[in-house]
1. Identify, please: which residue in the stretch 42-55 is without any contact (Cβ under 8 Å) to a residue 40 or more places away in the chain and not aliphatic (A, V, I, L, M) and is, among those, nearest to TYR101 (Cα to Cα)?
2. Would you mind telling me which numbered condition in (1) in contact (Cβ under 8 Å) with a residue 24 or more places away in the chain; (2) open to solvent by 70 Å² or more (accessible area, probe 1.4 Å); (3) over 13 Å from the mean Cα position of the chain (by Cα) VAL58 fails?
3. Return the residue satisfying two criteria in turn: it lies in the stretch 69-80 and is assigned to a helix (DSSP H, G or I) and open to solvent by 80 Å² or more (accessible area, probe 1.4 Å), and of such residues it is farthest from PHE16 (Cα to Cα).
4. Would you confirm whether any residue within the stretch 59-72 is over 26 Å from GLU7 (Cα atoms) and either of a type outside the set (Ser, Thr, Tyr) or modelled with pLDDT of 95 or more (or both)?
5. Output the residues belonging to the stretch 1-36 that are touching a helix residue (DSSP H, G or I) at 6+ places or on another chain (Cβ under 6 Å), farther than 20 Å from CYS59 by Cα and open to solvent by 40 Å² or more (accessible area, probe 1.4 Å).
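The values are calculated or read from the model by the stated rules, or taken from the named source; none is laboratory data. None of the values given here were measured: they were computed from a predicted structure. Using ideal geometry, Cβ is built from the backbone for each residue, glycine included, and neighbour counts are taken over all protein chains shown. In case anyone asks, the SASA skips ligands and DNA or RNA and just uses the protein heavy atoms, side chains included. Shrake-Rupley method; radii C 1.70, N 1.55, O 1.52, S 1.80 Å.
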Amino acid sequence: MSPWWTEATGTLIGAFGGAGYGSLAGMFGGLSGALAARGKARTPVIATHIGFLTVGVVCLAGGLVAVAFSQPYHVWYALVLIGGIGSVLFGALLPQLKQRYAAAEQRTVEAETTRRG
């Protein structure tokens, strides 16, 4: 079986794909932490988080398929690296993100109760 892409293309996928995904994920992490602590924009934040998780899982699956089809290192490595990090990171942080939103909602309910006396 011939390689899915050349070494140069694999390098570009790893460099730009990894840097792009990592940079966007980092910016999103900071934004989602700030918004979750305040209980703001729950639906878009969780949807975007699940989107990042999905991209990670798809990259990981593609990389594992490439390994299964005996593709060379330059084909599967970037996919497995990006997908592995993204899947683990976003998969592990999703419950914590939901917990932060639940805590913010609980604080809002308690504050409303206190105001009403």
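1. Top of the filtered list is THR43.
2. Every listed condition holds for VAL58 apart from (3).
3. Step by step, filter the stretch 69-80, then rank; the result is TYR73.
4. No: the stretch 59-72 contains no residue that is over 26 Å from GLU7 (Cα atoms) and either of a type outside the set (Ser, Thr, Tyr) or modelled with pLDDT of 95 or more (or both).
5. Result: LEU35, single match.
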